[in-house]
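Worksheet: the structure to be examined is printed underneath.
The values are calculated or read from the model by the stated rules, or taken from the named source; none is laboratory data. Keep in mind that this is a model prediction, so the values were computed, not measured. Using ideal geometry, Cβ is built from the backbone for each residue, glycine included, and neighbour counts are taken over all protein chains shown. The accessibility values were calculated without ligands, DNA or RNA, using every heavy atom of the protein model including side chains. Shrake-Rupley method; radii C 1.70, N 1.55, O 1.52, S 1.80 Å.
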Amino acid sequence: PGSCRTICECSEAAKTVKCVNRNLTEIPPDLPPYVRNLFITGNRLGRLSAGAFAARSLPDLSALNLSGNHLRAVDAGALAALPALRQLDLSGNPLVSLSPQAFGEGDSSLEELALRGALRDHGVLLNVVSMLQSGALRNLSHLELADNGLLLLPSGMFSTLLALRQLDLGGSLLVGLRNVSFQGLGRLESLNLSDSSLAVLRNGTLSQFRSLPVLRRVGLGHDTWLCDCTIEELVAWLKESDQVEGKEAQTCAYPDKVSGKALLKINGSDLNCSEPVDLPSQLQTSYVFLGIVLALIGAIFLLVLYLNRKGIKKWMHNIRDACRDHMEGYHYRYEINADPRLTNLSSNSDV
């Protein structure tokens, strides 16, 4: 075909076509039907519109690499005409839109999806979450979401990926996995969390790791562990588990007094955790004690009032009489000032 003679490199023996760094703005129109591995990388496609492959008969295409093409949008139905597609690489594209229906309305046969560095925009992350949760990619066995600076993973993001074996979340900004569920990923073999901002893994997450029957590799390299009292759960898991490769190299990043110390060598004396602090219980106890003190003060006050009721009553009467005499004096002065006949008396006498 013409494109293989001009802008692409084609090998019928290898069933492979490569259109690399050709400044393409659209998918070549005359790709050979024998292609199984298609590399269209380093171009300027910009957008993958609906039916981008519909006019090209590619019944055997199983591996499609579209990395580094300045793609910003993948429309609904853009990949629906590729029935044999098993591997898709969209890495290195500044995506802002990835339609949940990009593979059509039914379930896709896709097994491997690479989105390394392609989900920097929050909107496209939500698109991917919607696609995954819809069950359209339930056959995925390999999902790569590395180098996307992910701050958080929406709850239930992986709930339908029951066939998933490898999950790459490296190079993220995750500080913890409190809301992330790995339940149901019974086939998960490898989980990469390296080069992230993980500061702590709590017991709930560690329990999930323990419950995954075939999980053999958890990557935690170059994470920034905060070695306070909460790190004891992680240290205990590292000591008992063989799931972490190179666990001896895991070290504390904070605080300064234990910075650089291996997690496996951390003990209670380093963390000053001999007496666990239960802040909610302490606050509850303080509130109860304060209520009791205020009740006692109120009771004492009422008792004092009761014992001195006669004196208080006499004191109230005295105040009433004094106020009445004072007001009568003001009233008499007003009458004198208001009567012209008493004006001289008012000026020459002291009322």
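Quick one: length gained pulling S97 to C229 fully straight, 0.36 nm per residue minus the C-alpha distance?
Working: separation 132, 0.36 × 132 = 47.52 nm, distance 4.22 nm.
Between S97 and C229, full extension yields 43.3 nm more.
Based on the alpha-carbon set only, what is the convex hull volume of the chain divided per residue, in Å³? Each step should come with its number before you reach the end.
Details: hull volume 121.1 nm³, N = 351.
Expressed per residue, the convex hull around the Cα atoms of the chain is 345 Å³.
Could you give the length gained on full extension between E105 and L173, defined as 0.36 nm per residue of separation minus the Cα-Cα distance, in nm?
Values: separation 68, 0.36 × 68 = 24.48 nm, distance 3.30 nm.
Net length gain for the segment: 21.2 nm.
Long-range amide H contacts for T251: which residues qualify at under 5 Å (H placed 1.01 Å from N, peptide plane, sequence gap of 5 or more or a different chain)?
It is L263, by chain and number.
Build a GNM of the chain with springs between Cα atoms under 10 Å: which of N23, N318, N139 gets the top mean-square fluctuation?
Maximum fluctuation in the GNM of the chain, among the listed residues, is at N318.
Give me the percent of DSSP beta bridges within segment 141-274 that run antiparallel, rounded to the nearest 5.
Details: 1 of 13 bridges.
So the antiparallel bridges amount to about 10 percent of the total.
For the chain, set up a GNM with springs between Cα atoms under 10 Å and report which of L305, L95, L151 has the largest fluctuation.
Ranking L305, L95, L151 by mean-square fluctuation puts L305 first.
State in Å² the accessible area per residue of the chain; use a 1.4 Å probe, count heavy atoms of protein chains only, and round to the nearest integer. Could the numbers behind the result be given before it?
Numbers: 19610 Å² over 351 residues.
Accessible area per residue, the chain: 56 Å².
Excluding residues on the same chain fewer than 8 positions from K239, give the lysines whose Cα lies under 21 Å from its Cα.
K247, K261, K265
Which far-off residues, 5 or more places away or on another chain, put their amide H under 5 Å from the one on R47, with H placed in the peptide plane?
Amide H neighbours of R47: R72.
Per-residue ellipticity at 222 nm for the chain, helices alone: DSSP H runs ≥ 4 residues times -39500 (n - 2.57), over residue total, nearest 500 deg cm²/dmol?
Working: 8 runs with 105 residues, N = 351.
Estimated from H runs of four or more residues: -9500 deg cm²/dmol.
Work out from phi, with θ = phi - 60° and the Karplus expression 6.51 cos²θ - 1.76 cosθ + 1.60, the ³J(HN,Hα) of each residue of segment 312-324, listed in order in whole Hz, and give x for Gly and Pro.
5, 5, 4, 5, 5, 5, 4, 5, 4, 5, 4, 5, 5
In nanometres, what is the gap between the two model label sites at Y306 and R44, each 7 Å from Cα along Cα-to-Cβ?
If labels sit at Y306 and R44, their model points lie 9.3 nm apart.
If you roll a 1.4 angstrom probe over the protein chains with everything in place, what fraction of the accessible area of the chain belongs to carbon and sulfur, to the nearest %?
54
Classify segment 12-167 as rounded, prolate or oblate from the Cα gyration tensor: take a ≥ b ≥ c as the square roots of its eigenvalues, call it rounded if a/c is under 1.5, otherwise prolate when a/b beats b/c and oblate if not. Mind showing how you got there, number by number?
On the way: a/c = 1.76, a/b = 1.39, b/c = 1.26.
It is prolate, given that a/c is not under 1.5 and a/b is the larger ratio.
If one puts a single equal scatterer on every Cα of segment 141-274 and applies the Debye formula without solvent, what log₁₀ I(q)/I(0) results at q = 0.16 Å⁻¹?
Per q value, in the given order, log10 I(q)/I(0) is -0.79.
Picking from Q101, Q208, Q250, which is most flexible by a Gaussian network model of the chain using Cα springs under 10 Å?
Q208
Quick one: Cα centre-to-centre distance for segment 290-328 and segment 58-120, in angstrom?
83
Just check segment 112-159 against the gyration tensor rule for me: Cα atoms, a ≥ b ≥ c as the square roots of the eigenvalues, rounded for a/c under 1.5, and otherwise prolate or oblate depending on whether a/b exceeds b/c. The partial results should precede the final answer.
Details: a/c = 1.83, a/b = 1.28, b/c = 1.43.
Cα axes put segment 112-159 in the oblate bin.
Out of all DSSP beta bridges in the chain, what portion is antiparallel? Express it as a percent rounded to 5. All intermediate terms of the calculation are to be shown ahead of the outcome.
Numbers: 4 of 37 bridges.
The answer is about 10 percent antiparallel.
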